[in-house]
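Chemist: One structure is given below, represented as structure tokens, and several questions about it will come after.
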Number of protein chains: 2
Amino acid sequence: MKRIVTISREYGSGGRDIAKLTAEKLGYQFYDQAIISTVAEATGLNPEYIKNHGESARGSYFFNYGYMGMGFNSFSLPDFLWQKQRELILYLAQTGNCVIVGRCSDYILRERDDCLNVFIHGDLESRKKRAVEVYGDPVKNIEKHLRDKDKKRKTHYRYYTDQIWGNASNYHLTLDSSEFGIEGCADIITYLAGK
Amino acid sequence: MKRIVTISREYGSGGRDIAKLTAEKLGYQFYDQAIISTVAEATGLNPEYIKNHGESARGSYFFNYGYMGMGFNSFSLPDFLWQKQRELILYLAQTGNCVIVGRCSDYILRERDDCLNVFIHGDLESRKKRAVEVYGDPVKNIEKHLRDKDKKRKTHYRYYTDQIWGNASNYHLTLDSSEFGIEGCADIITYLAGK
């Protein structure tokens with residue numbers, strides 16, 4: 001049996017909903033929004049900043065690196081956020097059974113053997129449809145929007161883990177949600193986590 | 001229900017055994033060695049050549065490309081083998097329910113919607129152990145041997161499909177055989193193919 005499930009996901013694949021449903025089916029805690037609010041409370045950072053930068057590529061060069069050339073410490077705000085999120089994820093994993101969405105949690109918890117790491121992806125059409133209909137993203141340039149979102153997650157993951165996001169070898173299981181559906185994916189993960 | 005299952009795999013992950021077991025469980029034809037012997041019979045190519053080049057990177061520059069500079073046709077022996085294997089896989093997929101091992105069959109059959117594409121991988125230690133104990137590979141330089149094998153498959157896949165081998169998005173499902181075991185993986189695939 002796996003006490004912890006991490007679910008990484010392409011934008012629009014429904015990975016977050018799959019994670020939520022899996023947590024319900026397993027009777028586990030579900031950590032997504034709670035990570036944002038806890039980190040916000042502990043650090044004083046704006047929740048919106050955490051939401052936008054907690055698992056996306058680092059922001060402008062100037063604010064992240066610019067001051068390095070000015071003789072200040074090289075520890076940037078994204079690095080600070082990464083460290084605080086990392087500490088929280090390590091703590092949450094110790095406290096009880098849970099499903100954690102994204103935030104390089106597969107990598108952060110890689111030393112644990114009670115952790116099932118999952119990646120959810122989907123075909124472009126299904127993801128576009130979901131982004132527009134469920135998340136309310138504008139139809140205009142939706143394909144570019146999806147690619148940008150994924151690119152940012154990929155870059156962020158690469159920067160902090162030195163691994164390739166979406167590469168099968170990083171996960172115990174990857175699933176195409178456009179093939180198996182939201183409920184279907186949650187059922188598979190629940191079954192494998194409970195074994 | 002899926003009529004066809006394709007199983008791509010890292011060297012030493014037991015993907016071939018998983019494919020064989022899945023075919024038994026589903027009552028499907030199993031195509032691996034049969035592809036080699038059929039292509040050998042149809043083309044006159046040496047089975048050993050097909051085994052070594054049917055899903056591995058192209059051979060020496062001279063034999064593959066060298067004669068292009070001599071004014072001959074640019075169609076090389078690896079390209080010829082690729083085409084013959086491709087024709088056979090397309091034909092086999094039409095004739096009946098089957099499980100096909102490797103050979104870019106996921107890509108070759110990508111237009112079909114009755115096909116479940118699976119990738120099997122495993123952690124390095126499990127794969128080394130399997131390569132030595134099950135395949136009888138020499139212990140010396142086993143890690144390099146594994147990496148070379150995978151690199152050749154990756155290069156071959158990239159050359160003929162323009163896709164990244166082992167990237168989750170290419171497959172409906174990827175599984176870590178060192179986590180779920182040979183029988184466990186076969187059970188999951190059988191369940192999902194039969195749905």
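Chemist: Defining a contact as two alpha carbons under 8 Å apart and six or more residues distant in sequence, what relative contact order in percent does chain A show?
Modeler: Taking the mean separation of contacting Cα pairs over the length of chain A, I get 40 percent.
Chemist: If each label sits 7 angstrom from Cα along the C-beta direction, how far apart, in nm, is B:Arg112 from its counterparts in the other copies?
Modeler: 4.1
Chemist: Pick from B:Ser177, B:Ser56, B:Ser37: which is most flexible by mean-square fluctuation in a GNM of chain B where alpha carbon atoms under 10 Å apart are linked?
Modeler: B:Ser37
Chemist: Still on this model: Can you list, shortest first and in nm, the gaps between the label point of B:Asp162 and those of its counterparts in the other copies, using a point 7 Å from Cα in the C-beta direction?
Modeler: 3.3
Chemist: Sticking with this structure for a sec: Pick from B:Tyr49, B:Tyr171, B:Tyr11: which residue has the top mean-square fluctuation in a GNM of chain B where Cα pairs under 10 Å get a spring?
Modeler: B:Tyr49
Chemist: Something else now. How many angstrom lie between the Cα centre of segment B:1-23 and the Cα centre of segment A:1-57?
Modeler: 33
Chemist: Also: Listed here are the pairs B:Lys2/B:Lys195; B:Lys20/B:Lys152; B:Lys129/B:Lys152; A:Lys84/A:Lys152; A:Lys51/A:Lys152; which of them are more than 18 Å apart at the Cα?
Modeler: B:Lys20/B:Lys152; B:Lys129/B:Lys152; A:Lys84/A:Lys152
Chemist: Express the relative contact order of segment B:84-195 as a whole percentage, based on alpha carbon pairs under 8 Å and six or more residues apart in sequence.
Modeler: Once divided by the residue count of segment B:84-195, the mean separation gives 31 percent.
Chemist: Between the label point of B:Ser37 and that of the same position in each other copy, find the distances and list them shortest first in nm, with every label point placed 7 Å from Cα along the Cα-to-C-beta direction.
Modeler: Going from nearest to farthest copy, the values are 6.5 nm.
Chemist: Using amide H atoms built in the peptide plane, which far-off residues or other-chain residues are under 5 Å from A:Phe30 H to H?
Modeler: Under 5 Å from the amide H of A:Phe30 lie the amide H atoms of A:Val99, each far enough along the sequence or on another chain.
Chemist: A drop of at least 50 square angstrom in accessible area, chain alone versus all protein chains together, probe 1.4 Å. Which residues of segment A:144-183 meet that?
Modeler: Buried on complex formation: A:Ala168, A:His172, A:Thr174, A:Glu179, A:Phe180.
Chemist: Of the heavy-atom accessible surface of segment B:82-195 (probe 1.4 angstrom), what whole percent is carbon and sulfur?
Modeler: Result for segment B:82-195: 46 percent of the exposed heavy-atom area is carbon or sulfur.
Chemist: If you take the accessible area of A alone, add that of B alone, and subtract the area of the pair, what total do you get in Å², probe 1.4 Å, to the nearest 100?
Modeler: Counting protein atoms only, the buried area is about 1600 Å².
Chemist: Next up: Are there any helices in chain A, counted as whole DSSP H runs, that stretch 24 Å or more along their axis by Cα and score at least -1.0 on average by Kyte-Doolittle, and if so which?
Modeler: Membrane-span-like by this rule: A:77-95.
Chemist: A follow-up question, please. Enter the accessible area per residue of segment B:73-119 (Å², integer; probe 1.4 Å; all protein chains in place).
Modeler: With all protein chains present, segment B:73-119 gives 42 Å² per residue.
Chemist: Also, quick follow-up: Put +1 on the Cβ of every Lys and Arg and -1 on every Asp and Glu Cβ in the protein assembly as shown; which of A:Leu21, B:Cys115, B:Gln85 then has its Cα farthest towards the positive end of the dipole?
Modeler: Final value for the positive-end residue is B:Gln85.
Chemist: Considering only C-alpha atoms, what is the centroid distance from segment A:167-195 to segment B:72-112, in Å?
Modeler: Cα centres, segment A:167-195 to segment B:72-112: 28 Å.
Chemist: Which of B:Arg103, B:Arg112, B:Arg86 moves most in a GNM of chain B, Cα contacts under 10 Å?
Modeler: B:Arg112
The values are calculated or read from the model by the stated rules, or taken from the named source; none is laboratory data. What you see is a predicted model; the values in this text were computed from it and never measured. All Cβ positions, glycine included, derive from the backbone under ideal geometry; neighbour counts span all protein chains shown. Note: accessible area is taken over every heavy atom of the protein model, side chains too, but ligands, DNA and RNA are not part of it. Shrake-Rupley method; radii C 1.70, N 1.55, O 1.52, S 1.80 Å.
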